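A short worksheet on the structure shown next.
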Amino acid sequence: MVQQTAEYELAEITALYEITKVLASSMDLRDCLRQVMEILAEKKGMRNGTVSIVNPATGILEIEVAHGMTAEARKRGKYQVGEGITGRVVASGTPIVVPQISEEPLFLNRTRSRGDIKEKMVSFLCVPVKQGQQTIGALSIDREYRQGLDFEKDLRFLTILSGLIAQSVTRILVVNEERKRLERENTLLKKELRGKYQIGNIISNSSRMQEVFEMMYRVADSNATVLLRGESGTGKTLVAKAIHYNSKREKKPFVVVNCSALPETLLESELFGHEKGAFTGASSLKKGRFEQAEGGTIFLDEIGDLSHAVQVKLLNVVQDREFQRLGGASPIKCNVRLIAATHKDLEKAVASGQFREDFYYRLNVFPVYLPPLRERRTDVLLLAEYFLQKFCVENGKNISRISTPAIDLLMQYHWPGNVRELQNCMERAVLICDEDAIKSYHLPPTLQSSESTSERKNPLSLTAAVENYEKELIIDALKKANGNQTKTATLLDASLRIVNYKIHKYQIQPQDFKVRD
């Protein structure tokens, strides 16, 4: 008797040890439980080991895993809480032992995995799986029926095991939920990026930019090298991202390298990477930007600023998509789409010897020219209103519109800094505006004269600033007075004669501000 007890306890300890290892190492819930049920069958002679879990969405008790049971049988094994033996265990939170299933009318045998139970000499043991005070499922096994079988030892063992399973289920579910959350966030961020850089989301209605969009659509899905030309601030980076996120490489990396921001001594290492010990301080292997962009797109901004030495090393990469790390002995192939950009006149640079001719021709496969803002006047107001809305949201402001004189200044300015300058201009205006509209005096000093173009030598005169301010006040008052000059004079606390004089002086048309039914 003592020997039998010792053998039982040894088998119990061995089984628990192996089960604990499985529960601690696996993150796949079904695979984890399947292995546990196999150990029960092999080490303890407990067949048909089954773990049923309450589905939180439906409240139905469903089989999560069952040893030796077909998928069809598992699908049949669904119970309401309180239904059958397993359902009662979950409802009560206490174990149930059925010495012989053939003699128990509550044993439903819904899975039909045991055949005709009337002919079976089988005991059925079921214990609750608890998470704190809440019962989340049940663990059940079959035992070959023997007279005088000690069910207490088996119940104790199964209760310990159900506690381990409950801990593992909780841990795995928490980890899996966190993984799903991160995957959802990652997917959402990718969708936002794709949405943000859709070609149709680039704000423009000018014919010049429509031509650019047409070129972008044509080149997006190809592997051709794209060379973006245009002045600083015209949106070359935005176009490069739009090409990438509208291509078949959209799910792969988009890597940006600003060639003018990195010194020549570091640029080669940044582009191609280096081997450990390649130079003093190279304590470990470093992957370059070309390797980081594998399968995706690398965007070389301001490529016109590259030195001849770096141009030479880029020749083979552009042509053959092959490079060597610094200190490396063998070439590395890369599957990367190349987009380059520059504001410089590369043809002049080639003629003067500042830019290699062979490198120029390898880059200039599919050139796209981005027009400056002064050549797409119809986009100025569209962009200004977009930036107004954007910066109002960012700064918690409630500015509903841009006043007419301010619009005139925006439209007449020559915008040497292009879209970037307009963006900065509108951000400044939003920050200093405490009214419901952007007025001309909220705009930077460079715009404070309607004649503030590149041809005017002194756009910042006191007279021009005062005139703009007066014109702004009169137009706003005319809008409120529905074009009525008498009411306008009252609103401005001025005489009708002075208001009429100013209206004629600034060539304002009061009838333009009358609301027509």
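The values are calculated or read from the model by the stated rules, or taken from the named source; none is laboratory data. Bear in mind that the values here come from a model prediction, so they are computed numbers and not experimental data. Positions of Cβ are generated from backbone atoms using ideal geometry, with glycine treated the same way; all protein chains shown enter the neighbour counts.
Values as computed for the structure displayed
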quantity	calculated
Given (1) more than 20 Å from LEU300 (Cα to Cα); (2) of a type in the set (S, T, N, Q); (3) in contact with a Leu (Cβ under 8 Å, 6 or more places away or on another chain), number of the condition THR225 does not satisfy	(1)
Residues satisfying the stated conditions in segment 143-184, i.e. surrounded by 15 or more Cβ atoms within 10 Å (Cβ to Cβ) and charged (D, E, K, R)	ARG143, ASP154
Segment 405-420, residues that are basic (Lys, Arg) and in contact with a strand residue (DSSP E or B) (Cβ under 8 Å, 6 or more places away or on another chain)	none
Among residues of segment 446-498, those that are at pLDDT 80 or above and among the hydroxyl-bearing types (Ser, Thr, Tyr), counted	5
Matching entry among PRO331, PRO371 (being without any contact (Cβ under 8 Å) to a residue 24 or more places away in the chain and more than 19 Å from SER222 (Cβ to Cβ))	PRO331
Selection from segment 361-411 of residues that are closer than 17 Å to PHE213 by Cβ and of a type in the set (Lys, Arg)	ARG376
Test: VAL89 is assigned to a strand (DSSP E or B) and buried (at least 19 other Cβ atoms within 10 Å of the Cβ)	no
Among residues of segment 124-133, those that are surrounded by 19 or more Cβ atoms within 10 Å (Cβ to Cβ) and of a type outside the set (Phe, Trp, Tyr), counted	5
Selected residue (only one of ALA309, ALA242, ALA261 is among the hydrophobic types (A, V, I, L, M, F, W, C), out of contact with any Ser or Thr (no Cβ under 8 Å at 6 or more places or on another chain) and in a loop (DSSP other than H, G, I, E, B))	ALA261
Residues (surrounded by 14 or more Cβ atoms within 10 Å (Cβ to Cβ) and of a type in the set (D, E, K, R)) located in segment 383-410	GLU385, LYS390, LYS397, ASP408
Residues located in segment 353-379, provided they are among the basic types (Lys, Arg), part of a loop (DSSP other than H, G, I, E, B) and under 22 Å from SER307 (Cβ atoms)	ARG356
Candidates ALA309, ALA278, ALA242 - the one that is of a type in the set (Gly, Ala, Ser) and either closer than 11 Å to ARG337 by Cα or under 22 Å from the mean Cα position of the chain (by Cα) (or both)	ALA242
Residue within segment 67-79 that is of a type in the set (Lys, Arg) and either surrounded by 21 or more Cβ atoms within 10 Å (Cβ to Cβ) or part of a strand (DSSP E or B) (or both) present	yes
